[in-house]
Amino acid sequence: MAIIFRKAPGKIILFGEHAVVYGQPAIAIPVTQVHATARVFPKLTALKGTVHLQAPDINLDTDLSHLPANHPLAAAIRVTLEALKLETLTLDHLPAFTLQISSTIPISAGMGSGAAISVAIIRALSDFLGKPLSPEKVSDLAYEVEKIFHGNPSGVDNNVITYQKPVYFSRGQSIQFLSIKRATHWVIADSGEKTPTRETVSAVRDQLEAQPNRVEMVFQKIGALTVKAKNALINGDLEDLGDLLNENQKLLEALDVSSPNLENLIKAAKNAGAIGAKLSGGGRGGNIIALVPPDKVGPIKNALTHAGASHLIDTTLPPGGTT
Ligand code: PMV
């Protein structure tokens, strides 16, 4: 059996986080400068059915049988084997193999690290076992894993990461891939603060329960600006896109998912010439994203470093749309 190596990129949400959980649209793009990788190879000397896992980033080097069933890596393996209809067989029917996982995607930073690891594992394992899965199935299975760990994920992460294309996504509707006319340049700056998405999603749900009218109105405003942003992105109207990013940030502040550190980074990016900026992902930490003129990437990155960013990535979404 051959060695199989599969990669999945990171992602950023440009517009619509949180509101997307409640049915509004969101726009997300892949970030291929960072990725998760899964490598599967036969373990010839081991007993049939032995699944060995190595994830040096988290100091993991153990057999699958020693991991709790609710471990994210065990869950990704389990949903894949179930989808391949191997669940009715005992593991003894499988060849022994080693699964190596690594990732350069920052964790708990709103860049989709968990979904990317799941997508890489699902692809590597199904291909290794000679039963490749369709992208739709890969995305659905990654969503199953997301549900175990995030409670009520919208599904945007598993889609943008599986398809590796800019997406316009609404829950329960078919996904739209965006074909854009003009390149856009983005700087992604990590605040260094980490708040699990589960926590911010639950804080927003508490607000919705306490003040349904106000919060529903914020969701609708986010949805309306995401519709406008889709056209601005497709047509390359960068000034409009920048204004919409700034507006979206104000609405995220109204949902109380921003933080002083994030706002400090946003201000620094704008003062150094960014066209627009906002937090991206769950918030209360993680990353900000800034839409930047290509000749200002360097100065904006310097300004963000001075403002305390712990990690910077710049990425270009080229015409057509795949980074
Ligand atoms: O922090 P991330 O990258 O997992 O993004 C979260 C986006 C939310 O809209 C807050 C949640 C979701 O499931 O869409």
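The values are calculated or read from the model by the stated rules, or taken from the named source; none is laboratory data. This structure is a prediction, so every number in the text was calculated from the model and none was measured. Note that we place each Cβ from the backbone using ideal geometry, even for glycine, and neighbour counts take in every protein chain shown. Ligands, DNA and RNA are stripped out before the accessible areas are found, and what is left, the full protein with its side chains, is counted by its heavy atoms. Shrake-Rupley method; radii C 1.70, N 1.55, O 1.52, S 1.80 Å.
Determine whether the range 205-217 contains at least one residue that is aliphatic (A, V, I, L, M) and under 20 Å from the mean Cα position of the chain (by Cα). First the steps, then the outcome.
Start the filter on the range 205-217 by keeping residues that are aliphatic (A, V, I, L, M), which leaves 208, 210, 215, 217.
Now narrow it down to the ones that are under 20 Å from the mean Cα position of the chain (by Cα): none.
No, the range 205-217 contains no residue that is aliphatic (A, V, I, L, M) and under 20 Å from the mean Cα position of the chain (by Cα).
What single numbered condition from (1) in contact with a Gly (Cβ under 7 Å, 6 or more places away or on another chain); (2) open to solvent by less than 10 Å² (accessible area, probe 1.4 Å) fails to hold for Val40?
Unmet condition: (1).
For the range 309-323, which residues satisfy the criterion of being touching a Leu at 6+ places or on another chain (Cβ under 7 Å) and at pLDDT 95 or above?
Residues satisfying the conditions are Ala309, Leu312.
Do any residues in the range 3-16 that are among the basic types (Lys, Arg) have Cβ atoms under 7 Å from those of residues that are within 8 Å of the ligand (Cβ to nearest atom), where the two are at least six apart or on different chains, and which pairs are they?
Lys11/Met111; Lys11/Gly112; Lys11/Asp157
Residues are listed down the side, and each one gets a yes or a no for (1) under 27 Å from Glu263 (Cα atoms); (2) surrounded by 19 or more Cβ atoms within 10 Å (Cβ to Cβ):
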{"residue": "Ile175", "(1), (2)": "no, no"}
{"residue": "Glu209", "(1), (2)": "yes, no"}
{"residue": "Ala224", "(1), (2)": "yes, no"}
{"residue": "Leu233", "(1), (2)": "yes, yes"}
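Give just the number: which of (1) under 24 Å from Ser113 (Cβ atoms); (2) within 16 Å of the ligand (Cβ to nearest atom); (3) of a type in the set (Gly, Ala, Ser); (4) in contact (Cβ under 8 Å) with a residue 60 or more places away in the chain does Ala229 not satisfy?
(1)
In the range 267-287, which residues are over 18 Å from the mean Cα position of the chain (by Cα) and open to solvent by 10 Å² or more (accessible area, probe 1.4 Å)?
Lys267, Ala268, Lys270, Asn271, Ala272, Gly273, Ala274, Ile275
From the list Thr104, Thr62, which one is under 26 Å from Ile289 (Cα atoms), open to solvent by 10 Å² or more (accessible area, probe 1.4 Å), at pLDDT 90 or above and out of contact with any helix residue (DSSP H, G or I) (no Cβ under 8 Å at 6 or more places or on another chain)?
On the way: Thr62 fails: under 26 Å from Ile289 (Cα atoms).
Criteria check complete, one pass: Thr104.
Would you check which residues across the range 14-36 are open to solvent by less than 10 Å² (accessible area, probe 1.4 Å), of a type in the set (A, V, I, L, M) and near the ligand (Cβ under 10 Å from one of its atoms) and list them?
Ala19, Val20, Ala26, Ala28
Which residues, taken from the range 1-26, are more than 17 Å from Ala120 (Cα to Cα) and touching a Lys or Arg at 6+ places or on another chain (Cβ under 6 Å)?
Hit for the range 1-26 is Gly23, nothing else.
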